[in-house]
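Here the structure comes first, spelled out in structure tokens, and everything after it is commentary.
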2 protein chains.
Amino acid sequence: MTGGDRTIHRKARNYRWEGVDELPYKEDDRALFKSITRQVLFADPQLNGELRYFEVAPGGFSTLERHEHMHAVLILRGSGHCLVGREVRRLNTNDLVTVPALTWHQFRATHGEPLGFLCMVNAARDKPQLPSAEDVTKLQADPEVAAFLRNAPKTG
Amino acid sequence: MTGGDRTIHRKARNYRWEGVDELPYKEDDRALFKSITRQVLFADPQLNGELRYFEVAPGGFSTLERHEHMHAVLILRGSGHCLVGREVRRLNTNDLVTVPALTWHQFRATHGEPLGFLCMVNAARDKPQLPSAEDVTKLQADPEVAAFLRNAPKTG
């Protein structure tokens, strides 16, 4: 799907949508993420927001990052955990997650099933920032956050 | 939930979300809609879009209307039908619907189960327009549209 394609109905089948490309999550040689795909469900010049679907395979995770723009997330499939700031939360289907500006965040499929989520963002937005080694050390100072980053969250 | 409340996690339970009010759909004395509720999942001054959840009880329907702003819809629960322009479509869970500018549209829970859908819109948007009697007559000229408006769609 390209921006401005106003096909009125796209059938869903197992979390793939007709005419919507499944995209590699990001182009990067570093192992900053694992087993995650992206589908852009709505991106149109007349919309000020975009709606994307990300799916993390069991054991996979999104990039640990932050940015000026907010994320508004709804868990569409499965369960897992997220980190938002220094908060680790167990996520279930249909839960909502708000990621405020400049807040470190990551999503992990920690429960042996995919974690699929919708993410609404502003169409005009800044690029993500990656953590420095010092940032990671600071995050790891909290035992709960450190466990999450080892893919072994303590909650749930 | 009020705009700008950045609670990071809201648990879902049976399509209700913690801290999110279930709102009457619209204030109107005319019977233009039936058995529909609204929850505003994300509305924040830093977001250029809003994400709302509407749920139509079995046999219910949303207002037949049009407006300049677009709707970007994902069916979150159940099944039903929609009208977009002169197209009647059978909808299943996770299907996407795009409602272009100034296009008559309506959602109906036609299958004995609730029809729940997410709707992304621009935060800044115009008010809906209602059809005149003449508009309705024009729509009813198409037998498939007429059947949909009688809550008896022919498709699916």
Worksheet entry | Beta carbon of chain B nearest to the axis of the rotation taking B to A, residue and angstrom distance | B:49, 1
Discussion item. On a full-extension model of 0.36 nm per residue, what is the gain between residue B:142 and residue B:14, subtracting their alpha-carbon distance, rounded to one decimal in nm?
Written reply: 42.3 nm
Response to the item:
Most fluctuating of A:145, A:20, A:99 in the GNM of chain A (C-alpha, under 10 Å) is A:20
Worksheet entry | Zero-based 5 Å bins, Cα pair distances in chain B, whole percents | 2, 9, 17, 23, 21, 15, 8, 4, 2, 0
Worksheet item: Hey, got the average number of other protein chain Cβ atoms within 10 angstrom for residues in B:7-18?
Response: 5
Worksheet, complete the sentence: Of the accessible area of the protein assembly as shown, computed with a 1.4 Å probe and all protein chains kept, carbon and sulfur make up a percent value of 47 percent
Practice prompt. Pairs of Cα atoms under 8 Å, at least six residues apart: use those to get the relative contact order of chain A, whole percent.
Written response: 22 percent
Worksheet, complete the sentence: If every Lys and Arg gets +1 and every Asp and Glu gets -1 at its Cβ, then about the Cα centre the protein assembly as shown yields a dipole, in debye to the nearest 20, of 740 debye
Fill in: region B:63-111 - Rg and Dmax from Cα coordinates, angstrom
10.3, 30
Discussion item. Using a Gaussian network model on chain B with a 10 Å cutoff between Cα atoms, which of B:137, B:93, B:37 fluctuates the most?
Written reply: B:137
Worksheet, complete the sentence: With the dipole of the protein assembly as shown defined by +1 on each Lys or Arg Cβ and -1 on each Asp or Glu Cβ, the option from A:146, A:9, A:80 whose Cα lies farthest towards the positive pole is A:80
Worksheet entry | Rg over Rh, two decimals, the protein assembly as shown (C-alpha only, Kirkwood Rh) | 1.00
Worksheet entry | Pairs of lysines in chain B (C-alpha under 29 Å apart; 8 or more residues apart or interchain) | 11
Worksheet item: What's the local net charge at residue B:97, with K and R +1, D and E -1, over the other residues with C-beta under 9 Å away?
Response: +1
Worksheet entry | Inter-chain Cβ neighbour average for residues B:42-54, partner chain, 10 Å | 5
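The values are calculated or read from the model by the stated rules, or taken from the named source; none is laboratory data. All values reported here derive from a predicted model rather than from experimental measurement. Every residue, glycine among them, receives a Cβ derived from its backbone with ideal geometry; neighbour counts consider all protein chains shown. To get the accessible areas, we keep the full protein, side chains included, count just its heavy atoms, and leave off ligands, DNA and RNA. Shrake-Rupley method; radii C 1.70, N 1.55, O 1.52, S 1.80 Å.
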